[in-house]
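To start, the structure itself, in structure tokens.
The values are calculated or read from the model by the stated rules, or taken from the named source; none is laboratory data. Note that this is a predicted model, so its numbers are computed, not measured. In this analysis, Cβ positions are derived from the backbone assuming ideal geometry, glycine residues included, and neighbour counts consider all displayed protein chains. Calculation scope for accessible area: heavy atoms of the full protein, side chains included, ligands and nucleic acids excluded. Shrake-Rupley method; radii C 1.70, N 1.55, O 1.52, S 1.80 Å.
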Amino acid sequence: MFYKRISNTDTQDKLDNIRMELIDRFGVPPLSVKQLFSVHQIRIQAEQLGITKIDVGARGGAIEFSPDTPVQAITIIQLMQKHPTWFRMEGGQRLKVMVMLEENEKRIQFIVDLLKMLLVDLK
């Protein structure tokens, strides 16, 4: 029941409410449940940014933007200039990620931080 509610949630506030309800009912969740919430938080932020796909594994990956993404090109350019060994554009809508992140927690945190950097200019 909770998994379905989490997957159907479309805002951070609703996700936070489900998380609080889960903690009230069952106590502190295990790591796998925390990761589930983190992944869904990433999905919500990705939708706001017009990101259609995030495929980042232990050896890097890619982030694909929709043609109508609200993320400004200058934001991505500045990101690549700040971290030239981490990011590269492939075509007009695909950001290649070249960071080795073996641990799931570090990979999730890296993506969360990246999305926050992309969200900054939208607010």
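For the stretch 30-42, state whether one or more residues are free of Cβ contacts under 8 Å to residues at least 12 places away in the same chain and either within 12 Å of the chain's Cα centre (by Cα) or surrounded by 15 or more Cβ atoms within 10 Å (Cβ to Cβ) (or both). Yes, some residue in the stretch 30-42 is free of Cβ contacts under 8 Å to residues at least 12 places away in the same chain and either within 12 Å of the chain's Cα centre (by Cα) or surrounded by 15 or more Cβ atoms within 10 Å (Cβ to Cβ) (or both).
For the stretch 85-98, check the following and say yes or no: at least one residue is β-branched (Val, Ile, Thr), surrounded by 12 or more Cβ atoms within 10 Å (Cβ to Cβ) and modelled with pLDDT of 95 or more. Taking every residue of the stretch 85-98 in turn, at least one turns out to be β-branched (Val, Ile, Thr), surrounded by 12 or more Cβ atoms within 10 Å (Cβ to Cβ) and modelled with pLDDT of 95 or more. Cβ separations smaller than 8 Å between residues 6+ apart or across chains give the following pairs from the stretch 55-75 residues that are farther than 28 Å from residue 102 by Cα to residues that are open to solvent by 50 Å² or more (accessible area, probe 1.4 Å) and in a loop (DSSP other than H, G, I, E, B): 67/93; 69/93.
Residue 52 meets each of the listed conditions (1) free of Cβ contacts under 8 Å to residues at least 12 places away in the same chain; (2) open to solvent by 90 Å² or more (accessible area, probe 1.4 Å) apart from (1). Residue selection: residue 102 satisfies the criterion of being surrounded by fewer than 15 Cβ atoms within 10 Å (Cβ to Cβ) and without any contact (Cβ under 8 Å) to a residue 60 or more places away in the chain.
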